[in-house]
1. Assess whether residue 335 counts as being touching a residue at least 60 places away in the same chain (Cβ under 8 Å) and in contact with a His (Cβ under 8 Å, 6 or more places away or on another chain).
2. Six or more apart or on different chains, Cβ under 6 Å: which pairs go from a residue in the range 602-627 that's within 15 Å of residue 58 (Cβ to Cβ) and assigned to a loop (DSSP other than H, G, I, E, B) to one that's open to solvent by 60 Å² or more (accessible area, probe 1.4 Å) and not hydrophobic (A, V, I, L, M, F, W, C)? Could you list them?
3. With respect to residue 97, determine if the residue is in contact with a helix residue (DSSP H, G or I) (Cβ under 6 Å, 6 or more places away or on another chain), closer than 22 Å to residue 306 by Cα and not aromatic (Phe, Trp, Tyr).
4. With the checklist (1) modelled with pLDDT of 85 or more; (2) assigned to a loop (DSSP other than H, G, I, E, B) in hand, flag the one item residue 570 doesn't pass.
5. Go through the range 118-151 and give me each residue that's more than 24 Å from residue 415 (Cβ to Cβ) and part of a loop (DSSP other than H, G, I, E, B).
6. Considering the range 253-277 alone, what residues qualify as being more than 14 Å from residue 227 (Cβ to Cβ) and in a strand (DSSP E or B)?
7. Identify all residues within the range 450-507 that are open to solvent by 20 Å² or more (accessible area, probe 1.4 Å), basic (Lys, Arg), farther than 26 Å from residue 416 by Cα and part of a strand (DSSP E or B); write none if there are none.
8. Within the range 228-268, can you find the residues that are among the small types (Gly, Ala, Ser) and closer than 22 Å to residue 194 by Cα?
Amino acid sequence: MSVLSFALAASLLAMPAVGVVQDTLERVSVSGSRIPLALGQSARIVTILDSYEIASIPAGTVNDLLKNAVGVDVRQRGALGTQTDVSLRGGTFDQIAVLLDGVNISDPHTGHNAFDFPIDVSQIERIEIIEGPAARSFGTASLLGAINIVTRSQASRPEAGFHLGGGSFGLFDVGTSGAFQKGSLYQSLSASHSRTDGFSTCAAGTPNTDSRQTKGFYRGAYSKGLLNLDWHLGVSARDYGSSTFYSPKFDNQFESTLKTFSSLRASVEAGRVRILPSVYWTRSNDRFELLRDDPETVPFNYHRTNVQGANLGFRSKTLAWGAELRREAIVSTNLGEPLEQPFGKYKMGLTRYDISAYAEHSVVRRLYTYSLGLVMHKNTGNDEKPAIYPGADFSLRLSDSWKLYASYNSSYRMPTFTELYYSVGGHKADSHLKAEKMQAAEMGVKYLAGGVRAIATLWYHNGRDMIDWVRPLSDPGQPWKSVNHARVNSLGEELTLRFEPAVIFNRPSLPLRLFELSYSHISQRKDSEEGIESYYALEYLRNKAVARTDFLFFGRLGLDVCCRWMDRASSSEENAYNPYFLLDAKLSCIFSRLKLTVSAENLTDTQWFDHKYVPQPGRWIKFGLEVKL
């Protein structure tokens, strides 16, 4: 699959019929359970953005790619993937697990920077989106699902290349990558840098949405005999103007982040059992400036977070079991408890341990597939007793084309350090917050045949002890308080229709390669006190519609057009959001090893908001050049 994916991303000329790609995707092993199953066998509905779609969609970051997945809510603050909150099924940005090559890199400090990846989009093989509670598969933070970024891990021959881009608002982007495979060893390396002057200025006339980003990523893999090893190292550095991101009273905020990523995973065959040990370490540094370059008036906030984890798993053909220990620690100027021995600028801090044990049983038959599992969880960060969260998934094959799905799953999420301790700037946190709990039921039907793919899903979520920042509507001068927001009941429907005319009519030369329509609707009921304003949880994406077409002209000219309509609920009529429509397009032309692209985001120059008081860019034109050596 990975060799085919790279070929698709590298050249539209070599592209097989789209239906061939979709048939191949049905055989791709995905991470919907502890026992990897092919997408066509999985008892959960897993959405995949493959390398062909990643190369075609007019998007330059992971966050922008996810905007075209109908079940994903991407609330943008800044451009180029800066400060983007990603959530699933009406939840908040802290309620999903974020994984890089299957390693949980979720940030216990805050989910605001969770999607700060060290990789360039061109290095991604696919993106897996698992909607719904997933604690038994992904552990902590997966209250409403998980998003797994899978990077390339094979090369049919030595590769090298670079890309160069530019565009509106002073955009400049440059990067390079290379990979080779020699016998049992695979290695790849990529690096990129991008900058923009931003699309707005503060009252003083200086830029306040400017951005600088530098990324580097190395991945290696070794396979010989009964042993398989996989490892990665990554770094991501960002400096960006934060405009009015955190407070409308200050229009020249600034933030600087530095993240490093490392992991080592192994797979050892021992008879009928596969032993799966892994270790990982993610480190984050964050500096926030309420008044840019002015620490004398308002001191800067500094945070340093370390997450280390170790997992020992075992897997047979139908059974997986194991345990994980995860250490989450922060030192900060204002988050946590007073340190016994303060050092440097760090006066506060906190360390907690997340301990979990899991077991899962999966069976694949010609007519049906089922998976049963549970996770037992205890976190030292609160006084709650160890709890068990079960789940079950079932699929029934009605014919070669039709399949039914049904599932019940439960999950949990520990509060972030920000929710527990952020008591500055008009906020008052509660250090005794409980973990959020979620139960969910889901059913769906899938049809795949002859260039047509259709998926319909109905789901129901019951959440308790949900966390949000609230304040009374009658007194907006009160600080935002973090609270366990009682119960939240959500009902949602999703529908996706995908047509591939070249396959349907058996005419590979047809210019229209793909036409896809997707729609999601969510309604929520909250059993909580009236007369409050919500900062996050009550502002879910009520309706989302996505339409996408993909053309190929003259065997070398590709055109991809994406349309999105968004309708967001609000906690009050006074602060209601206006629905908005966005139109993006990308034109690509291939000449042997050279690829030229022109893309336009927000072609209609719509004025739009994902967060109150934070306007987003208008029409943005981008140019790109890619060379494969």
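1. Working: touching a residue at least 60 places away in the same chain (Cβ under 8 Å): yes; in contact with a His (Cβ under 8 Å, 6 or more places away or on another chain): yes.
So residue 335 passes the test.
2. Sorted first by the residue in the range 602-627, then by its partner, the pairs are 602/619; 619/605.
3. Working: in contact with a helix residue (DSSP H, G or I) (Cβ under 6 Å, 6 or more places away or on another chain): yes; closer than 22 Å to residue 306 by Cα: yes; not aromatic (Phe, Trp, Tyr): yes.
Yes: the conditions hold for residue 97.
4. Among (1) modelled with pLDDT of 85 or more; (2) assigned to a loop (DSSP other than H, G, I, E, B), residue 570 violates only (1).
5. Quick first cut of the range 118-151, residues more than 24 Å from residue 415 (Cβ to Cβ) only: 118-129, 149-151.
Result: 118, 119, 120.
6. Going through the range 253-277, the residues more than 14 Å from residue 227 (Cβ to Cβ) turn out to be 253-263, 271-273.
Residues satisfying the conditions are 253, 254, 255, 256, 257, 258, 259, 260, 261, 262, 263, 273.
7. Passing the criteria: only 453.
8. Here is the first cut: in the range 228-268, the residues among the small types (Gly, Ala, Ser) are 234, 236-237, 241-243, 247, 256, 262-263, 266-267.
Scanning the range 228-268 gives 234, 236, 237, 241, 242, 243, 256.
The values are calculated or read from the model by the stated rules, or taken from the named source; none is laboratory data. This is a predicted model, so every value here is computed, not measured. Note: ideal-geometry Cβ built from the backbone for every residue, glycine included; neighbour counts use all protein chains shown. When the accessible area is computed, the model is the full protein with side chains, heavy atoms only, and any ligands, DNA or RNA have been set aside. Shrake-Rupley method; radii C 1.70, N 1.55, O 1.52, S 1.80 Å.
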